[in-house]
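First up is the structure itself, then whatever we jot down about it.
The values are calculated or read from the model by the stated rules, or taken from the named source; none is laboratory data. The structure displayed is predicted, hence computed values, not measured ones. All Cβ positions, even for glycine, are placed from backbone atoms using ideal geometry, and neighbour counts span all protein chains on display.
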């Protein structure tokens, strides 16, 4: 009597029920991917916060135009001044502009009862990230104060110190969570594949008894596991893309924290990670069953 196609499929090497394996890998990669997106958004937010750490340089009153320009050029050439597209992030706020802004915000014209504009021309300098420590900012303050024509240098010292401490704490927490999550994902996928291959242990032994080499036995299992990992990674990436689009629709300005190139790298990493863990887990599981004795198989 001939075997039905269904029975033949059950006995085919590597044809273990893959739905549960695929779902487990997909679920694990979704969780890992969500954390990856959180990490990317946090990194971008951290970068924005760092870019907004600045120092105000107040100039002497009655300073000449040439002196003011010279001070601006000097500040632009300093190593601690942040650069963007090779342009120094130094901004001049003339005292007239500052007065107009103050009057517009408060509705009071102080020049009417003072008789003059008491404000000063001010340079605002964005500070490069490697100089954003309390000690280095103190050195920067003294260096700028020594420039001829500078009246005062100001920055929010407590705010800078608080930002640095909080960013350091957040970084340590995220790294710790990343390690824990990656370990959990690997264990989950590994155990799922090991359980799925448990049903194939007697088939592996049968192939050994007819003279099949270990390499020949492993090949179909490894090829299928590689395909399952790639498919799970692709499905997880598509699901995460949908979640991201929904979040962008619901949360205003969330797109400002996103870099398409970095997100594509994350999705590509998920596909590679799914395939790699699936492949290695299958290799280890098959290797284990190849070494078991008949008694141990039962």
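A few notes on this one:
- Taken together, the residues in segment 63-83 that are in a helix (DSSP H, G or I) and closer than 21 Å to residue 119 by Cα amount to 9.
- Checking every residue in segment 50-62 against the condition of being modelled with pLDDT under 80, closer than 30 Å to residue 262 by Cα and not in a loop (DSSP other than H, G, I, E, B) gives at least one match.
- Residue within segment 164-173 that is part of a helix (DSSP H, G or I), modelled with pLDDT of 80 or more and more than 18 Å from the chain's Cα centre (by Cα) present: no
- Checking each residue in segment 115-172 for being surrounded by 12 or more Cβ atoms within 10 Å (Cβ to Cβ) and at positive phi picks out only 149.
- Of the criteria (1) surrounded by fewer than 19 Cβ atoms within 10 Å (Cβ to Cβ); (2) within 16 Å of residue 37 (Cα to Cα), which one residue 227 fails: (2)
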